[in-house]
1. Rounded to the nearest 500, what is the 222 nm mean residue ellipticity of the chain from helices alone, with -39500 (n - 2.57) per DSSP H run of 4+ residues and division by all residues?
2. Averaging sequence separations of C-alpha pairs under 8 Å and six or more residues apart, then dividing by the length of the stretch 52-284, give the relative contact order as a whole percent.
3. Do you know the relative contact order of the stretch 289-373, to the nearest whole percent, from alpha carbon pairs under 8 angstrom that are 6+ apart?
4. So which aspartates and glutamates pass the test for LYS162, namely a Cα distance under 14 Å, with those fewer than 8 places away in the same chain ruled out?
5. Please arrange CYS81, CYS209 by counting, for each residue, the other beta carbons lying within 10 Å of its beta carbon, fewest first.
6. Mean-square fluctuation check for the chain, GNM, Cα pairs under 10 Å: which of THR24, THR315, THR39 is largest?
7. Apply the Karplus curve 6.51 cos²θ - 1.76 cosθ + 1.60, θ = phi - 60°, to the phi angles in the stretch 124-141 and return the couplings in whole Hz, x for Gly and Pro.
8. Could you compute the FRET efficiency for LYS60 and LEU299, with r as their C-beta to C-beta distance and R0 at 35 Å, rounded to 0.05?
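Derivation of every value follows stated rules applied to the coordinates shown; laboratory data play no part. Please read these numbers as outputs of a predicted model, since none were measured by experiment. A quick note on method: Cβ atoms are made from the backbone with ideal geometry, for glycine too, and the neighbour counts reach across all protein chains shown.
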Amino acid sequence: MEPTRRLADLRRAGLLRRLRSVSTSQGPRVMLDGEVVLTLCSNNYLGLADHPKVRRAAAKAASSHGAGSGASRLISGNMDCHLELESELAEFSLVEASLLFGSGYLANTGTIAAVAGIAPGGVIFSDELNHASIIDGCRLADAETFVYRHADLDHLSWGLQKAGDRAKLIVTDGLFSMDGNLAPLPGIVDLAERHGVLTMVDEAHATGCFGPEGRGAVVDSGMSGRVDLVVGTLGKAFGSYGAFVGCSNEMRQLLINQARTFVFSTAPPPPAIAAASKALDLVRSKPGRLERLQHNAELLRDSLRGLGIPTGNSTTHIIPVMVGDPSMATALSDRLLTDGIYAQAIRPPTVPDGTSRLRMSVMSEHEPADLRAAAKAVARYAAELGVEFGQSGAGTGAVEPARLARAA
């Protein structure tokens, strides 16, 4: 289909996207397309992307190690800063070892394909609301994929029984990025151990900003040491860029040799690595940021609910305001922007059909008064537009039935 026609189809469906320009550092307020706005759609959860110490660490690394790493890590790009941060992240995540990747997308796609390649012909089990990088990792793997209903342990158990000894890996988000709810990790791990299956948990939106000392959902659920692969990112709570996989030393060696997104990618640049390392120091030494994040999340959820706006099953700093229709979600987002409130509309294919929403994400640096005002603005403009909010959690009845089939 020619681009012009495809773009017209997207426009008619209310799914056309466009880039906006931020001309300041990332923070609770940014300059967006020339106007100062309150940001309620950033993953800079702890406000560390523009922290002075993080900036200085990046600048110092650029001066001492250069702007880039020059090559993949298996060629000449493996630098001392990579190894040092991997050791720090392993200790923080309570795992034996870790391996850095260029991004969370690269970490998930490369790891899933590499692990599935251990025993070709196996079956991967994936939650229906997993992130796109997990979905694409399953597609790239030499394995069949069973997509189980969201957080449904009975359905997962049924699939594992059907797969028998072909079952190889269960992969799930720990904290779901569009809904703000948590995976039932104890039940998933119990099933995995019962069936002799590996487990992989994507902690992208939990690393640094959820659980004890920000160590994530795996540690918070008491499953530390029982999950085989834990994926975390450096570009959200740690305010930098990149990702890592926490695992055993043996699994790390496998990924170094078999994860194509690691083998064939230039190593993460030293300034990003130094920034993430300094952010990790701040997370460990300044727990007040995590406490403020949790307080602000509760405040915004309570404010929205008090105004009759359901927030799904969210229990974290990610709060969905379910609208349903993509055009209506965009209209609500646009109205809020006229009040200087930037809450992005999220539409298919990022979320299932019928579940378009505002994905409101809280930062530790938000002022309580701003969050209360934002909730009131959502209620006011929703009433003007005639929005009828969905009452159920995201994804209900909106994703194709789980299946046992090769991902396509």
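1. -12500 deg cm²/dmol
2. 31
3. Details: 130 pairs, mean separation 30.8, N = 85.
Relative contact order for the stretch 289-373 comes out at 36 percent.
4. List returned: GLU144, ASP154.
5. The most exposed by this proxy come first: CYS81, CYS209.
6. Taking springs between Cα atoms under 10 Å, the residue moving most is THR24.
7. 9, 10, 10, 4, 5, 9, 4, 4, 4, 5, 6, 4, 5, x, 5, 5, 7, 6
8. 0.45
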